Structures are given as structure tokens and as C-alpha cells.
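Novice: Structure provided below as C-alpha cells; questions to follow.
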Amino acid sequence: MRRWGLALLLLPFCFGMTSAFIFLLKAFKDVPENSFYFFIGMGSYLTFQWIFFRPMRTYVFGHEMTHALAAWMSGARVKKMKVSKSGGSVSVSKTNLFVALAPYFIPLYALLVFVLYAVVNQFYSLQTYWRWTLWFIGVAVGFHMALTIYALKQKQPDLKMGGTFLSGVLIYLGNMILMTIFLTLLFPKTASWKHFLQVTGHQTWWATVKVFTAVQHLIFKVQSFL
């Protein structure tokens, strides 16, 4: 019941973040700052998967590696990791909700491409290859989105720790936050993290007031009936 209660309390945040993210995406209607290459990269991966196949071994490796990195960040020891095309597993000394859900909202390969570019660019100018970098990041984000949705349809045991409902809500919010961070880092002149938070707060408050008013009205109706 606590998990369900927390998940329900987070639903207005889901509405607020969704509204803010849609508003943020509207700023990209004219594909500024070479964002065309990022979005075409996402489309390229989705087309590849639709025509050819799902690179499951690559996904499973990234999935289990993200579990391991999240465990390491949480102070746990990673004992062993197993990866195969049909699935994988990682053994850690302790776990928590962040460790269990991290692969579903952290686009590991997209982060690796971005970090690699940022590090190399400190020593050797890569501005000429920025458009290609945006395309590769877009491919990695499309990969993350498509295969995360596919994985969640397979009734993942990772969701048991927080319960399916709460885990689903947290994964959704996590993806909203990480995608917004990516867009603000890649396209700072177009996407504003501050504005995203402002719209999220406003829309979340609006949704909360509407729900609270509806509940009050329902309680009044029930009391009148009784």
C-alpha cells in the first residue's frame, strides 16, 4: 500500500514533467543547433531495428553494466556479471531501488559517446565531427528507448523491489529527467533546464489542485448520499 500511495502521489509530477517536456520539444520544431542530426540518429536506429533485428547482446551488456555501475556508485561490490543474447545477471554485495531500476532510465551508450567526445575534445578539437557525434548520440538514445520498452514488456524481475506500479512511475520520471538533461547539454541555446523545472512545478501544482478538488467533491457527494 505504501508503494501504491507513493506512486499515486508522484502521478502529478508525471503530468507536470510530460507537459514541460512537450513544451521543451516545441522549441526544436525548426531543428536549431544541428539538432536535426540528433533526431535523425534516433530515427535511424528505430528504422534499423524495424528492418533488421534487435541487438540484444549489446543491450544486455549495457543493461548489466549499468546495474554494476549503479551498485558501485551505491557503495556495493560487484562480484560477477553474466551476459548472453537471451539475458544476463550481475551479482552485487547489496542492492537498492536505484541499482534495480538504473538501466531503464540511464542511456549508458549515449552517455559514453558524450563523455568520450567531451574528453577527447579537451586535447584535440572535434568540432568538425560534432554533427556525427550528435547522430551517434541520437542512435544510442533511440537504442535505449526502443529496447527499454521491449525489455519492460518481458516482465522484468528488477521491478519487484519497488513493485510494478511504483517502478514504472520512477522509470518514466527518470527518463524524462535524463532526456531533458541531454537536450540541455547538447543544445544549450534551445533547451533550458531552468524553464523545464519552472513549467514542471507550475503544471504539477495545477494537476495536484485539480485532483485534490475532485477528491473533495467526491467525498462531499458521498457524505451527502449517506
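Read-outs: derived from the displayed coordinates by stated rules, not from any lab. Source: prediction; values computed, not measured. Because the Cβ atoms are built from the backbone with ideal geometry, glycine has one as well, and the counts that use them run over all protein chains shown.
Novice: State the extension gain, in nm to one decimal, for the chain segment bounded by residue 22 and residue 221, taking 0.36 nm per residue of separation less the distance between their alpha-carbons.
Specialist: Net length gain for the segment: 68.1 nm.
Novice: Using Cα-Cα distances under 8 Å and only pairs 6 or more residues apart, what relative contact order does the chain have, in percent?
Specialist: Computed value for the chain: 35 percent relative contact order.
Novice: Need the C-alpha centroid separation for segment 172-192 versus segment 31-109, integer Å.
Specialist: Measuring centre to centre over Cα atoms gives 18 Å.
Novice: Further, regarding this structure: Under a point spin-label approximation (7 Å from Cα along Cα-to-Cβ), what is the residue 9-residue 165 distance to one decimal in nm?
Specialist: Each label point is offset 7 Å from its Cα along the Cβ direction, giving 1.4 nm.
Novice: Beyond a 22 Å Cα-Cα separation, which of these cross-linked pairs lie in this structure: 160/194; 82/155; 94/160; 153/194?
Specialist: 160/194; 153/194
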